[in-house]
Amino acid sequence: MDLFEKTGKIALGSRLRFMASNITEEAAKIYELYGADFSPKWFPVFFVLSEGGSKTITEIAEEIGHSQPSVTKIIKEMTTAGLVKDNQQSNDKRRNIAILTEKGKELSENIKIQCIDVDHAIDEMIDEATHNLWEALAEWEHLFEQKSLLSRVREQKKARESKNVKIVDYNPKYQSAFKALNEEWISTYFEMEDADYKALDNPDEYILNKGGKILVALYNEEPLGVCALIKMDDPGYDFELAKMAVSPKAQGKNIGWLLGQAIISKAKESGASKIYLESNTILKPAINLYYKLGFQKVSGRSTPYQRCNIQMELNVKN
């Protein structure tokens, strides 16, 4: 079809639906060919009942991967056609079961003969084709189970957009962004504290002049992320990773990950052995990022921040 040649792979779903529609139309004609008054959409439910005897709606839905309302509707249609008996009481009075009628069982035997011819016809098409569609479908189903198409597209989007992210050293012209980005997330979840104002109002005095580092993430030259290394006077740690902030409008662009990697590299270049950080578990994306960067939870240290309820460390010598 010319349309799919023009659209390419982005129309995969549409192409599969088009093929499924054609196959369904063909299937209806095949049932007519064998004298079966049968709708193709009934087949999964009919097959399960013909193979397994009586089943509850829930059992059928789980086995064929359909919703319970969908199965219920099909059962009602098949009951009207005289193929299924519904509302048969099970030992558990709260559950109703469905079972094939004598007419349904007779049709099942006839369909088995039909299936032999259909199998041979499909095998013939597979032999004529370059690729085995049946095996390919099984492989693709497995791939979807491993990772959804949405997840794969999200990763590609993040990878593409992250190419427009540039990590640069702090410059006084970024002071307002350094403060605004941090104020934004702190004020959203907590309250600004004295220690925040010290670092954000005077980054040169409080961070840089004491041997610390500040990095800025530019997305299309706009500062949308920041992160700092604060030099620590502590026998156990060289730096504290602090004041990491990413603008909400930059979420999904991998900026947090890129900043984290870059700031850790700065710590290594400075000869650091361990980095420390403080956060709050309400900030789940941030905590997940820290774990992804290699930080591990520690406890027992005093903190100037009321909002801190988790402390973490990273051994950068590993």
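Brief remarks on what is shown
- GNM result for the chain, Cα springs below 10 Å: residue of 20, 98, 159 fluctuating most strongly: 20
- Sequence-distant residues sharing a close amide H with residue 232 (under 5 Å, placed H): 239, 240
- Helix 102-128 axis, angle to the chain major axis (alpha carbon atoms, nearest 10°): 60 degrees
- Average Cα contact separation per residue, segment 159-315, under 8 Å, 6 or more apart, as relative contact order %: 21 percent
- Alpha-carbon Debye profile of the chain, log10 I(q)/I(0) at 0.12, 0.15 Å⁻¹: -0.84, -1.15
- Dipole moment magnitude, nearest 20 debye, the chain about Cα centre, only Lys, Arg, Asp, Glu C-beta charged: 1220 debye
- Segment 219-274: GluC sites (Glu not before Pro) falling in loop per DSSP and having at most 14 other Cβ within 10 Å: 221
- Furthest towards positive pole of dipole, 65, 144, 242, structure part the chain, Cβ charges: 242
- When the trypsin sites (Lys or Arg not before Pro) in segment 131-211 are filtered for DSSP coil states and for at most 12 other beta-carbon atoms within 10 Å of their beta-carbon, the remaining sites are 147, 163.
- Listed residues 68, 251, 114, most fluctuating in the chain (Gaussian network, C-alpha, under 10 Å): 68
- Hz values of 3J(HN,Hα) by residue in segment 29-45 - Karplus curve (6.51, -1.76, 1.60), Gly and Pro given as x: 5, 5, 4, 4, 4, 9, x, 9, 7, 8, 8, x, 5, 6, 3, x, 5
- Unit charges at the beta carbon, dipole of the chain: most positive-side option, 3, 289, 225: 225
- Considering helices alone, the calculated mean residue ellipticity of the chain at 222 nm is -16500 deg cm²/dmol, with DSSP H runs of length four and up weighted by -39500 (n - 2.57) and normalised per residue.
- Springs between Cα atoms under 10 Å define the GNM used for the chain, and in it the highest mean-square fluctuation of 151, 176, 50 occurs at 50.
- Loop-resident trypsin sites (Lys or Arg not before Pro) (DSSP state other than H, G, I, E or B) in segment 41-122 with no more than 14 further Cβ atoms inside 10 Å of their Cβ: 93, 94, 95.
- For the chain, the relative contact order is 10 percent, taking Cα pairs closer than 8 Å that sit 6 or more residues apart in sequence and dividing their mean separation by the residue count.
- Size of electric dipole in segment 111-176: Cβ of Lys, Arg +1 and of Asp, Glu -1, about Cα centre, debye, nearest 20: 1240 debye
- Here segment 167-265 is assigned +1 on the Cβ of each Lys and Arg and -1 on the Cβ of each Asp and Glu. Its dipole about the Cα centre then comes out at about 400 debye.
- Proximity of backbone amide H atoms, modeled 1.01 Å from N, is registered between residue 56 and 98 at under 5 Å, excluding neighbours fewer than 5 places apart on the same chain.
- Amide proton proximity set for residue 298, modelled H, under 5 Å, gap of 5+: 311, 312, 313
Where a number appears in this text, it was derived from the coordinates with a stated rule and is not lab data. As the structure is a computational prediction, the values presented were derived from the model and not from experiment. Reconstructed Cβ throughout: ideal geometry from the backbone, glycine too, with neighbour counts over all protein chains shown.
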